[in-house]
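To keep things clear, I will list the structure first and then write my remarks on it.
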Amino acid sequence: MLRVDNITASYGVSQILFGVSLEVAVGQAVALLGRNGMGKTTTIRAMMGALRPSSGAIHFEGTRIDRLRDYEICRLGFGYVPEGRRIFKHLTVHEQLVAFGRMRDGKQQCTPDDVYRLFPGLAERRASPGGLLSGGEQQMLAIGRALVTSPKLVILDEATEGLAPLVRERIWSVLSELKSRGLAILVVDKNVADVMALADYAYILEKGRVAWSGAAADLRPDDDAQRRLLAV
Ligand SMILES: Nc1ncnc2c1ncn2[C@@H]1O[C@H](COP(=O)(O)OP(=O)(O)OP(=O)(O)O)[C@@H](O)[C@H]1O
Ligand SMILES: [Mg+2]
């Protein structure tokens, strides 16, 4: 479904990615792991068209996307939950879920009401402006906004960072429900145990390169080499 082939990318003169390759298959949950500053967000920004790779290629469902604009990429079926959430402060929860809504195949695959069913805590806050939400509510809204776009692939960058345990659990259980419905998921997260429970496959980045990849079941945080890569 998504294939990233040997991409390199730089911010100005500093090269950040040195040949990253990864794949997400239809219906698969894939984890992108690694310590701080290893290039996870940069890899995702390159997929989303926020940063143009200097070499390599990215394909989504057979279409080459690494020369497309970010809004064109979104329209192909990417639901993006960025690091830092980027919630609109003055629009209410419901307004944001309506504003982001998009159809695919003539139908909105996930409506605001579906989002409220997945996150009942958000339903209670539907009339609240984004700026008044707690961190957990903002994160649920950020995920909801990605879902109402009817994505084929959802990409989450540190979606559970800094949240209370109950909210984190809710998010992981929603992701596992979405996966069981056939949605493909690419997740960046520091909580390796939670990611492992969801993901089928994992990549660990180190300094802009894939240092390890394999079935999530083969991730062994007790293994010295992997512990060094993950800093757990
Ligand atoms: N806008 C930018 N301009 C210049 N350098 C940047 C920029 N954003 C990130 N970097 C650098 O690129 C490298 C990779 O950053 P990136 O954000 O991709 O890492 P990450 O793996 O997502 O880390 P984290 O776990 O902290 O989110 C870091 O050295 C970072 O300092
Ligand atoms: Mg990051």
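The values are calculated or read from the model by the stated rules, or taken from the named source; none is laboratory data. Predicted, not measured: the structure shown is a model, and the values here were computed from it. Cβ sites come from the backbone with ideal geometry, for glycine too, and all protein chains shown count toward neighbours.
Brief remarks follow.
- In the range 156-176, the count of residues that are more than 16 Å from ligand 1 (Cβ to nearest atom), within 24 Å of ILE73 (Cα to Cα), without any contact (Cβ under 8 Å) to a residue 40 or more places away in the chain and out of contact with any His (no Cβ under 8 Å at 6 or more places or on another chain) is zero.
- Residue in the range 212-225 that is hydrophobic (A, V, I, L, M, F, W, C), in contact with a helix residue (DSSP H, G or I) (Cβ under 9 Å, 6 or more places away or on another chain), over 22 Å from PHE119 (Cα atoms) and part of a strand (DSSP E or B) present: yes
- Close pairs from the range 89-115: first in contact (Cβ under 8 Å) with a residue 12 or more places away in the chain and among the basic types (Lys, Arg), partner part of a helix (DSSP H, G or I) and buried (at least 16 other Cβ atoms within 10 Å of the Cβ), Cβ under 7 Å, at least 6 apart: LYS89/GLY130
- Pairs, first of a type in the set (D, E, K, R) in the range 24-44, second outside any loop (DSSP other than H, G, I, E, B) and more than 8 Å from ligand 1 (Cβ to nearest atom), C-beta under 8 Å, six or more apart: ARG35/GLU206; ARG35/LEU229; ARG35/LEU230; LYS40/LEU32; LYS40/LEU33
- Filtering the range 5-22 to residues that are aliphatic (A, V, I, L, M) and under 21 Å from VAL195 (Cα atoms) leaves VAL20, LEU22.
- Once the range 23-61 is narrowed to residues that are within 13 Å of ligand 2 (Cβ to nearest atom), touching a Lys or Arg at 6+ places or on another chain (Cβ under 9 Å) and among the small types (Gly, Ala, Ser), the residue that is nearest to VAL195 (Cα to Cα) is GLY34.
- For GLY19, the criteria (1) within 13 Å of ligand 2 (Cβ to nearest atom); (2) among the small types (Gly, Ala, Ser); (3) in contact (Cβ under 8 Å) with a residue 40 or more places away in the chain hold in every case but one, which is (1).
Results for (1) under 26 Å from MET38 (Cβ atoms); (2) of a type in the set (Gly, Ala, Ser); (3) surrounded by fewer than 19 Cβ atoms within 10 Å (Cβ to Cβ), shown as yes or no for each residue.
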| site | (1), (2), (3) |
| --- | --- |
| THR92 | no, no, yes |
| PRO120 | no, no, yes |
| SER134 | no, yes, yes |
| GLU169 | no, no, yes |
| LEU186 | yes, no, no |
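- Scanning the range 191-203 for residues that are away from ligand 1 (no atom under 15 Å from the Cβ) and in a helix (DSSP H, G or I), we see that the one that is modelled with the highest pLDDT is LEU198.
- Scanning the range 197-217 for residues that are touching a residue at least 60 places away in the same chain (Cβ under 8 Å), surrounded by fewer than 18 Cβ atoms within 10 Å (Cβ to Cβ) and within 22 Å of LEU147 (Cα to Cα) yields a count of 1.
- Helices (runs of 4 or more DSSP H) wholly inside the range 102-190 containing at least 2 residues that are at pLDDT 95 or above, over 13 Å from the mean Cα position of the chain (by Cα) and of a type in the set (S, T, N, Q): 165-180
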